[in-house]
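Below is one structure; the comments refer to it alone.
The values are calculated or read from the model by the stated rules, or taken from the named source; none is laboratory data. From a predicted model like this one, the values you see are computed outputs, not experimental measurements. Virtual Cβ from ideal backbone geometry, glycine too; neighbours counted across all protein chains shown. Ligands, DNA and RNA are excluded from the accessible area calculation, which covers all protein heavy atoms including side chains. Shrake-Rupley method; radii C 1.70, N 1.55, O 1.52, S 1.80 Å.
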Amino acid sequence: QVQLVDAGGGLVQAGASLRLSCTVSGRTSSMYTMGWFRQAPGKDREFVATINWSGDRTSYADSVKGRFTISGDNAKNTVYLQMNNLEPEDTAVYYCAATPGIVRGRQKIDYAYWGQGTQVTVSS
């Protein structure tokens, strides 16, 4: 059973940084696509970033490009989302997602497994 535990959220001021982490357990293959999504109150869950586990392919939503960086540590079975220059518009619950195989990874339906979510709140 694949399980994802995401963590690292918090309350910060605009311009600050946070690093989210997502630890994966139970995966039986090294060929996974990982992603981060976020959901603000009253809005749909939206794509933030994706990476294949070998780390040679990443993709970002336009709204976070240049500010957020997704990376992975295969030895620790952990994927990170480094978020810099945070804006109030980044306030949301952030969810880690995983799926076996290599997929484009920009849509919710691409993913089989989800973390429980971690709250990020950015004050102005």
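Mind counting the residues in region 81-123 that are on the phi > 0 side of the Ramachandran plot and out of contact with any strand residue (DSSP E or B) (no Cβ under 7 Å at 6 or more places or on another chain)?
Number of matching residues: 1.
Restricting attention to region 103-124, which residues are outside any strand (DSSP E or B) and either without any contact (Cβ under 8 Å) to a residue 40 or more places away in the chain or open to solvent by less than 50 Å² (accessible area, probe 1.4 Å) (or both)?
Correct list: Val103, Gly105, Ile109, Asp110, Tyr111, Gly115, Gly117.
Residue by residue, here is whether (1) of a type in the set (A, V, I, L, M, F, W, C); (2) open to solvent by 70 Å² or more (accessible area, probe 1.4 Å); (3) touching a residue at least 60 places away in the same chain (Cβ under 8 Å); (4) under 21 Å from Val120 (Cα atoms) holds:
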site	(1), (2), (3), (4)
Gly72	no, no, no, yes
Asn77	no, no, no, no
Glu89	no, yes, no, yes
Tyr95	no, no, yes, yes
Gly101	no, no, yes, no
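If you check Val2, Val24, Val48, which single one turns out to be open to solvent by less than 40 Å² (accessible area, probe 1.4 Å) and either at pLDDT 95 or above or more than 15 Å from Gly115 (Cβ to Cβ) (or both)?
After applying the criteria, what remains is Val48.
Can you tell which of Ser30, Ser63 is assigned to a loop (DSSP other than H, G, I, E, B), of a type in the set (Ser, Thr, Tyr), open to solvent by 10 Å² or more (accessible area, probe 1.4 Å) and under 29 Å from Ser124 (Cα atoms)? Give the steps one after another, and end with the answer.
Values: Ser30 fails: under 29 Å from Ser124 (Cα atoms).
Being assigned to a loop (DSSP other than H, G, I, E, B), of a type in the set (Ser, Thr, Tyr), open to solvent by 10 Å² or more (accessible area, probe 1.4 Å) and under 29 Å from Ser124 (Cα atoms) holds for just one of Ser30, Ser63, which is Ser63.
Got a number for residues in region 34-57 being more than 11 Å from the chain's Cα centre (by Cα) and part of a strand (DSSP E or B)?
Within region 34-57, residues that are more than 11 Å from the chain's Cα centre (by Cα) and part of a strand (DSSP E or B) number 2.
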